[in-house]
Structure formats: structure tokens, C-alpha cells
1. Arrange the residues 553, 33 by how much accessible surface each exposes, largest first, with a 1.4 angstrom probe.
2. Give the separation of the Cα centroids, the stretch 48-72 to the stretch 446-504, in Å.
3. Determine the dipole magnitude for the stretch 325-405: charges of +1 sit on the beta-carbon of Lys and Arg, -1 on that of Asp and Glu, nothing else is charged, the reference point is the Cα centre, and the result goes in debye to the nearest 20.
4. Tally up the carbon and sulfur contribution to the accessible surface of the stretch 19-64 as a whole percent, 1.4 Å probe, everything protein left in place.
5. Largest first, please: the extent of the C-alpha atoms of the stretch 206-250 along each principal axis, to the nearest Å.
6. Label the stretch 200-284 by shape, choosing from rounded, prolate and oblate, from the square roots a ≥ b ≥ c of the eigenvalues of the Cα gyration tensor; if a/c is under 1.5 it is rounded, and otherwise prolate applies when a/b is larger than b/c, oblate when it is not.
7. Leaving ligands, DNA and RNA out of it, rank 102, 381 by accessible area with a 1.4 Å probe, largest first.
8. With all protein chains present, how much of the accessible area of the stretch 111-191 (probe radius 1.4 Å) comes from carbon and sulfur, to the nearest whole percent?
Amino acid sequence: MRVTTPDELAVCIIGMGPRGLALLERLVTNTDMPLRIHVVDPFAPGGRVWRTDQSAQLLTDTMAAQITIFPQAAAGKDALPRLNLYEWARHCVLFRQAGELDPQIEEEIRGIEPTTYCSRRLVGHYLAWAFRRIVADAPQTVRVTHHLLTAVALWDEPDGRQSVLLETGDRLSGLDAVALAVGRYRVTPGKTEQELASFAIENELTYILPADPADVDLTMVRPGEPTLLRGLGLGFFDYLALLTAGRGGRFVQKDYGLHYEPSGLEPQLFAGSPRGVPHRARDVHHANNSHAGLPAEALELHDGLWPFIAKQVECAYYTAQLRLTRGDHKVHRFRGEFLSLPWGDRRAEAVLRMFGLTQHRRWNWHTITRPCEGLTFDDRDEFRDWLLNYLQTDVGSIAEIEEDGPVKAAADALRELRREVRRVVDHSGLTGRWHEHVLDQWHSPMNAFLSIGPPAFRVEQMVALINAGVLELVGPSLTVGTRADVPAFVVESPQVKGSRRLVTALIEARPYAADPNRVADPLLRWLVNNGSSVDLPPSTPDGVSEASGTLHMRDVTGDAHPRRFVLGVPSKAAQWNPRPGVASVLLGESDAISQAMLSLTPAPHFGG
């Protein structure tokens with residue numbers, strides 16, 4: 001269907017999650033011409049991840065006051081109210097709009113604070129409000145149509161304009177530009193996952209593939225059933241909440257700490273990962289932005305990228321220590337002397353000694369990121385005691401000194417430096433070998449472990465579940481195997497004697513690995529099969545990453561398509577929600593893409 005009018009620019013946004021919503025807002029704000037915007041997403045505004053019908057146990061990992069899709073200061077007509085999620089919640093309460101929502105949502109919204117980690121379904125309500133407000137405040141010359149359908153194909157028309165095929169067979173044709181804002185893409189099961197699934201079917205076991213926990217039917221996991229959660233990242237904490245508090249259990253604050261009262265409906269939970277411990281808990285995050293910007297020459301010298309990151313993180317760690325004992329003048333002097341030396345320079349030792357940073361106060365990348373490596377435990381109880389001490393120390397460092405804690409300060413610096421790493425990838429690319437062996441296999445997991453962990457109270461709940469006997473961590477270097485003569489999954493840690501366990505349910509509580517050869521999204525699969533690149537990693541071992549910073553979709557030859565754009569490339573898995581007052585890659589890309597789309601010439605009108 002071609003439903004444009006003369007001189008009307010027609011564009012399509014595929015995906016109306018936070019990325020697509022941010023682009024919609026920029027288009028509406030920046031346009032000064034008649035504009036027809038088609039929005040294609042089978043879910044309501046906010047998308048699948050933030051849908052409003054999911055469990056209240058599933059929380060966002062970002063605080064309410066740090067979630068927004070509106071730029072704080074942007075080009076164009078700034079007529080829209082730029083409320084972050086916390087401000088929107090208070091607005092609902094003050095203007096008595098909270099009662100218009102579901103009673104459970106109303107209760108949550110009345111108790112929200114700037115530092116609240118709210119439910120994902122509440123975020124969905126915020127995004128739905130933002131969509132309604134953007135559309136309602138759009139100029140009269142802007143028309144927005146939401147197609148609650150899945151896009152399955154995209155091609156060029158003879159005149160260069162675009163056509164989008166919907167799952168119903170309907171077409172959106174005569175489009176001047178199309179933007180993909182589909183988020184992280186799903187993949188089909190890999191070989192190992194297929195083998196585990198076949199074993200589960202043959203032995204009548206339960207096996208749950210990597211997935212968004214909100215999409216999983218957990219009724220197949222029976223009360224008391226030995227169940228392994230493989231993975232100790234954010235997905236692990238989601239499943240943990242769904243299978244405990246989500247089944248009627250209660251966390252109760254006692255004088256000695258948090259206590260868990262089981263409902264009797266919980267499975268017997270085991271968990272583990274190669275590292276053996278969960279991601280470090282998040283503090284009440286305050287971006288210090290004290291690190292220097294990435295020097296321009298580092299864009300060409302990839303070997304210099306890691307030394308720069310390491311130097312900034314270590315400096316943040318030592319600076320936080322000195323702030324606890326020395327004045328700002330000493331801290332400023334230390335930063336100047338320490339940062340003037342290259343990473344690994346032996347002269348740094350003298351600087352550290354001069355400021356009283358003795359050997360036991362030094363940063364050690366190995367012990368910080370691999371706390372279990374080299375350790376062995378004589379039995380499960382010894383590991384359990386070590387683990388509880390580790391977790392309580394992690395949470396305690398937040399409760400006592402919050403953002404001034406040295407490790408938390410280092411994690412904060414690492415989190416802020418993600419933007420610099422992204423800039424290097426986008427502007428000059430990384431060799432496939434660097435991307436695969438440094439970025440994908442080491443830096444990204446390490447960054448996730450240190451700086452993208454759960455809220456501290458989730459770790460406190462984990463401790464309570466261990467103490468209640470509901471949860472047991474198997475140990476580091478987790479292995480999962482099968483035996484023909486054993487109708488169960490065999491799990492154990494080679495570092496913990498006596499850790500072997502048999503489980504009849506295995507839940508992959510880890511993110512699925514991005515792989516362009518296994519992409520399951522019908523539109524992305526169609527594009528890959530028809531010669532388009534949407535920056536799906538990994539790169540070829542000796543090639544160059546497709547990430548380019550141009551924001552255009554590319555063909556197999558590397559040429560940018562002038563009428564196709566990609567926002568928030570799925571492979572980058574970047575945090576979508578920018579913090580108010582802090583420069584955001586997402587909002588910057590949204591603005592750049594909107595300007596590029598609006599600069600195109602409208603298609604000739606043929607009528608009908």
C-alpha cells in the first residue's frame with residue numbers, strides 16, 4: 001500500500017522498543033516538512049522486552065531517575081516534556097493519574113524513588129506514555145501509523161525507494177527511508193544446545209534454551225526438582241526471582257540480615273558458571289567522568305586501546321583509596337603523576353609508594369576478575385563459606401562507602417569507558433582477531449562482570465536463599481555433561497571436591513551468543529540471505545568488523561545503502577537507557593539518523 005501525499009516524506013521504523021521510540025521522538029521534533037511515519041512492531045510501544053504483562057519480579061538494572069528516551073538538550077523544536085521515568089511517576093501521582101493504571105502498578109508507582117530499580121513492566125508503561133505523548137504533540141503535518149505486525153522482508157523498488165513486507169503479506173511501499181531498531185537479535189540453537197535438547201527429550205528431562213526469562217514457561221520446573229541455572233549474570237537473578245519470590249516465597253528483614261521464608265513450591269536450585277561467582281553488585285551509581293577522553297591517536301593504534309582503559313581504571317581505584325585518607329590536593333597531584341606514565345611503566349611503582357599505596361592495596365586485574373582462579377576447596381561447605389564471605393564483602397563495600405569504594409570506583413570508570421571503546425569500534429573498526437580474542441572473549445565479559453551487575457539487594461537475596469538451603473552454587477569452572485547410563489545432567493566443579501550433582505532440569509541462564517549464521521529474526525535472516533549487512537558479529541578471523549559509525553546498512557561489498565539505517569546495532573548490546581544529563585550514544589545516533597532521513601527527497605506521488 002502506498003498512502004503518501006505529494007511532498008510528504010514516508011519513512012518506516014522497524015522496532016518500537018526504546019531505540020525506535022528515541023528515533024521517533026527525534027523525527028517528530030526535527031521535521032519541518034509533511035512526514036508519514038510507519039512504525040512496525042508486533043508488540044505495543046516499548047517492545048517485547050518491556051511489555052506490561054510480565055512478572056513484577058523482573059526488574060530493570062538501571063535506577064528510575066536514570067531512565068529516559070528524551071535528550072536533555074537537542075536541536076529542533078523542544079516542545080515535548082522531557083520527563084525521565086522517576087519524574088513521570090511523580091507526575092502520575094501528583095496529577096492523580098496513577099489510579100488509571102493496574103492496581104499493582106499503582107502501588108509500585110507510588111513508592112518509587114530516584115534510586116529505585118523498578119519493574120520492567122513499569123518501564124513499559126513509561127515507554128507507552130512517551131509514545132502517546134510524542135504522537136499527540138506531533139505537528140499536524142506528521143502522521144504516525146503503528147502496524148502491530150512483524151516485518152519479514154525489505155527490498156529496493158525500481159526508483160530506489162523501499163518496500164517492507166509484513167507477515168500478513170501486506171506491503172509498505174514507496175518508503176523514502178527505513179530504519180532498523182530491532183535490538184539484540186535471537187539465534188537458533190547451536191550444536192551443543194541441540195545435543196542437550198535431544199538428550200533431555202530422550203530422558204524426559206527439562207532443558208530451557210537461552211532466552212529472555214519473561215518469555216519462558218517455568219511451570220515445567222517442578223517444586224523440589226534438582227535444577228541447574230547455568231550462568232551467574234543478570235539472567236540468573238531473573239530466574240532466581242521467578243522461581244523463589246515469584247512462587248510465593250518471602251524475603252523478611254531480620255536483626256541479623258535478610259531471611260527467606262520458602263513457600264514449598266521452589267525447585268532445589270543449583271547454579272554455576274566458569275567464573276564461579278556472580279557479577280559484582282551495583283552501587284548507587286554516580287558517574288564521575290573523571291577519566292580523560294580517549295586520545296585521537298588511539299583510534300589508529302588498537303594495541304594502545306587496552307593500556308588506556310587499564311590506566312584509567314587503575315587510577316580510579318587508587319584515587320578512591322586516597323580520597324578516604326588524603327585531601328583533594330594530594331589526589332589531584334597523584335592523578336597527574338600517575339597518568340603521566342604509560343601503563344606498565346616501572347616508574348609507577350615509585351609513585352604508588354610515595355603516596356602510601358603499599359603492595360596489599362594494589363589493583364590486580366587477575367584476582368579482581370577471576371577471584372576463584374587457582375583456588376581449590378576440600379568440600380562443598382568450605383566453598384560455601386568462602387562464597388558467602390565473598391558476597392557479603394561485595395555488598396558490604398556498597399553499604400559502607402557507596403561510590404567512594406575503590407573497586408566500585410574502578411567499575412564505574414570501566415562502565416563510563418564503554419563509550420570510548422564503542423567510539424574506536426565505530427570510527428576505525430577493529431581487526432577480526434582483535435575483536436574476537438580481546439573484545440569479545442575478554443574485555444566484554446570482564447566489563448560485564450565488574451560494571452553491569454545486579455542491584456546490591458539482589459545479591460543480599462541470593463545470600464538469604466543460600467542460607468535457607470534453597471540455592472547452592474556448584475563452584476568455579478562449572479562443567480555440564482551427560483552419560484548414556486544416567487538419565488540426568490551431570491554437573492560439577494573440578495575445584496570443589498564432592499561437588500558432583502545430578503539435575504533433571506537445566507536452565508541456560510546466560511545470554512545467547514550472537515552469531516549471524518544462526519540469526520532467527522525473519523527480517524534479519526532475509527537481509528543476510530540477500531546480501532545486506534546489519535553489523536552482525538563476529539567478524540571473520542582476519543577481516544574487519546562491519547561497525548563503521550555511518551549508521552547506514554551495508555551490502556556485502558561494504559557500500560552504505562543511502563536509504564537504510566541501523567540504530568542500536570544488535571551486536572553491540574549497548575544499554576539503551578541513557579542517563580539524564582549525560583551524553584548518550586543512543587540519543588546521539590537517533591538524532592543523526594533522523595537528520596539523515598529528513599534530508600532525503602520525498603518520492604514522487606503516483607496517487608491511489
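1. 33, 553
2. Cα centroid to Cα centroid, the span is 28 Å.
3. Computed charge dipole of the stretch 325-405: roughly 700 debye.
4. 52
5. The Cα atoms of the stretch 206-250 stretch 24, 21, 18 Å along their principal axes.
6. oblate
7. These residues rank, largest area first, as 381, 102.
8. 50
The values are calculated or read from the model by the stated rules, or taken from the named source; none is laboratory data. Predicted model only: the values in this text are computed from it and were never measured. Note: ideal-geometry Cβ built from the backbone for every residue, glycine included; neighbour counts use all protein chains shown. Heads up: the accessible areas ignore ligands, DNA and RNA and are worked out on the full protein's heavy atoms, side chains in. Shrake-Rupley method; radii C 1.70, N 1.55, O 1.52, S 1.80 Å.
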